[in-house]
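Down below is the structure, laid out as structure tokens.
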Amino acid sequence: MRVALTLGRQASSNEKNDYIRALLEAGFHREEIVVLPPGAKPEGRFDGVVLGGGKDVDPARYGQQTRPDAGVEVDQDRDATDLEAFESARREDVPVLAICRGMQLVNVALGGSLYQDIGSERPSEIVHEVPGQHPERRDHKVKVRENTHLSEIAQASEIDVNSRHHQAVARLAPGLEITAVAPDGLIEAFESRMPWVLAVQWHPENLKNDPASRRLFTEFARAVRERAAVKTAS
């Protein structure tokens with residue numbers, strides 16, 4: 001069993017990292033989690049991919065020039081690594097859990113676009129870029145759409161989430177289904193069952209005491225094991 005986890009340059013790769021902690025709590029062993037820092041090339045077969053948060057996706061990748069007032073920070077190596085990991089997952093039909101930047105990356109990879117800066121392009125009363133993190137912090141609610149995979153996991157029609165992003169999905173890529181929206185209508189989650197993709201704009205890895213957040217990782221682990229078993233049998 002091998003699970004790829006893409007992280008930013010400054011992220012730690014031990015059990016203190018919240019992504020790794022959440023995956024361990026979901027039942028993975030540390031040796032099964034392969035951290036891919038920016039610039040790394042995914043090698044070998046993976047049974048699942050987690051695309052973590054980090055800097056902005058380069059607007060050039062969705063056909064736009066970087067707006068000088070948007071505060072965009074890009075890492076070309078990170079884009080390359082994440083895109084290759086996602087494309088590999090698509091080819092091999094393995095589950096993908098995409099978080100914050102990861103959600104934006106998936107949308108771009110499949111032909112969608114982003115708001116380069118929510119505050120200047122789509123201002124609202126909801127603050128989406130709240131600095132810092134805390135396991136108990138919630139910044140706004142999201143409405144979960146019925147009859148979706150996310151609704152089965154959340155077990156609620158509305159949940160409280162944290163929020164620290166200044167970019168977001170603008171045009172949704174073909175083949176993706178919106179599963180949650182913020183009070184201002186901004187897309188907060190989407191999914192695809194074929195292939196298996198679950199993407200959220202918030203950071204469930206930081207909400208270690210939140211049952212719905214823990215179930216996101218548990219469900220990802222279940223999908224990974226199920227897909228791995230099918231591959232082994234074939």
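Structure values in brief
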{"item": "Hey, Arg91 open to solvent by 50 Å² or more (accessible area, probe 1.4 Å), basic (Lys, Arg) and either within 20 Å of Ala221 (Cα to Cα) or touching a Gly at 6+ places or on another chain (Cβ under 8 Å) (or both) or not", "result": "yes"}
{"item": "Selection within the range 155-167 - open to solvent by less than 60 Å² (accessible area, probe 1.4 Å), under 16 Å from the mean Cα position of the chain (by Cα) and under 20 Å from Leu216 (Cα atoms)", "result": "Val161, Asn162, Ser163, His165"}
{"item": "Residues (part of a strand (DSSP E or B) and open to solvent by less than 30 Å² (accessible area, probe 1.4 Å)) located in the range 94-148", "result": "Val96, Leu97, Ala98, Ile99, Leu114, His140, Val142, Val144"}
{"item": "The range 1-44, residues that are in contact with a helix residue (DSSP H, G or I) (Cβ under 9 Å, 6 or more places away or on another chain), closer than 15 Å to Val224 by Cβ and part of a loop (DSSP other than H, G, I, E, B)", "result": "Met1, Arg2, Ala26, Gly27, Phe28"}
{"item": "Odd one out for Ala85 among (1) open to solvent by less than 10 Å² (accessible area, probe 1.4 Å); (2) in a loop (DSSP other than H, G, I, E, B)", "result": "(2)"}
{"item": "Looking only at the range 181-210, and only at residues there that are under 17 Å from Ile20 (Cα atoms) and open to solvent by 70 Å² or more (accessible area, probe 1.4 Å), the one that is farthest from the chain's Cα centre (by Cα)", "result": "Asn209"}
{"item": "Condition check for Val50: part of a strand (DSSP E or B) and open to solvent by less than 20 Å² (accessible area, probe 1.4 Å)", "result": "yes"}
{"item": "Tally of residues being assigned to a helix (DSSP H, G or I), open to solvent by 70 Å² or more (accessible area, probe 1.4 Å) and of a type in the set (Asp, Glu) across the range 59-79", "result": "1"}
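The values are calculated or read from the model by the stated rules, or taken from the named source; none is laboratory data. Values in this document were obtained by computation on a predicted structure and should not be read as measured data. Note: ideal-geometry Cβ built from the backbone for every residue, glycine included; neighbour counts use all protein chains shown. Areas reflect the complete protein model, heavy atoms only, side chains present, ligands, DNA and RNA absent. Shrake-Rupley method; radii C 1.70, N 1.55, O 1.52, S 1.80 Å.
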